[in-house]
Amino acid sequence: MALSPLNESHNRKRFNCGNQRINKFLKESANSAAKRNLSRTFVLEGSDETDIVGFYSLSNIEVKVPVPHKLYKKYPNPLPGVTLARMGVDEGYQGQGIAKIMVVDAMRRTLRINENMGVVGLFVDAKDDDLVTFYQNCGFTFLQKEEHTSKLWMPIDSIVTFFKGRE
């Protein structure tokens, strides 16, 4: 299985992660968002290069957080970062660790972005408590509860440490 940027040859019609909003983004909006430089979508291909096992999208973000927060005392506000905007795994592949593979790939890409422009880390908005737990198990730190989501982040120093000696 290989991770690559979404392109026209990927069969988006067959993808179904069980969440219609995520499916709709992949099928109807991911390509146009890339063309407008709003985000980039990466897919984990199946045995057939056109099959999509899973995908995630990255975009840049300016994060405003309470200035006294202990993790942000040394940074100006707003903070530059990368956000893991959307992620889905096809129902036929769920429960096999695919999402963790994609999170590690997102971390690697965040590290490359940091080398070129500087960011404080990788952010994600978890829509429910199960996703908060998943992301915390991947190394993300809870930041704050918002109206319909919980914001988590992985500091760039944690990402650097994760890859030290692995690449």
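The values are calculated or read from the model by the stated rules, or taken from the named source; none is laboratory data. If you're wondering where the values come from, they're calculated on a predicted model, not measured in any experiment. Neighbour counts run over all protein chains shown; Cβ positions are idealised from the backbone, glycine included.
A few comments on the model shown:
- Answer from Ile52, Ile61 - the residue that is modelled with pLDDT of 95 or more, touching a strand residue (DSSP E or B) at 6+ places or on another chain (Cβ under 9 Å) and either under 24 Å from Lys127 (Cα atoms) or exposed (fewer than 13 other Cβ atoms within 10 Å of the Cβ) (or both): Ile52
- Among the candidates Thr83, Thr110, residue that is among the polar types (S, T, N, Q), touching a helix residue (DSSP H, G or I) at 6+ places or on another chain (Cβ under 7 Å) and either surrounded by fewer than 17 Cβ atoms within 10 Å (Cβ to Cβ) or modelled with pLDDT of 95 or more (or both): Thr110
- Answer from Val124, Val120, Val132, Val103 - the residue that is touching a strand residue (DSSP E or B) at 6+ places or on another chain (Cβ under 8 Å), crowded, with 18+ Cβ neighbours inside 10 Å and free of Cβ contacts under 8 Å to residues at least 24 places away in the same chain: Val132
- Within the range 83-135, the set of residues being in contact with a Gly (Cβ under 6 Å, 6 or more places away or on another chain), assigned to a loop (DSSP other than H, G, I, E, B) and of a type in the set (Asp, Glu) is empty.
- Checked against (1) more than 18 Å from Tyr56 (Cβ to Cβ); (2) surrounded by 17 or more Cβ atoms within 10 Å (Cβ to Cβ), Asn77 passes all but a single condition, namely (2).
- Residue within the range 1-9 that is modelled with pLDDT under 95, within 23 Å of Leu131 (Cα to Cα), buried (at least 18 other Cβ atoms within 10 Å of the Cβ) and in contact with an Asp or Glu (Cβ under 6 Å, 6 or more places away or on another chain) present: yes
- Candidates Tyr75, Tyr56: the one that is among the aromatic types (Phe, Trp, Tyr) and not in a strand (DSSP E or B) is Tyr75.
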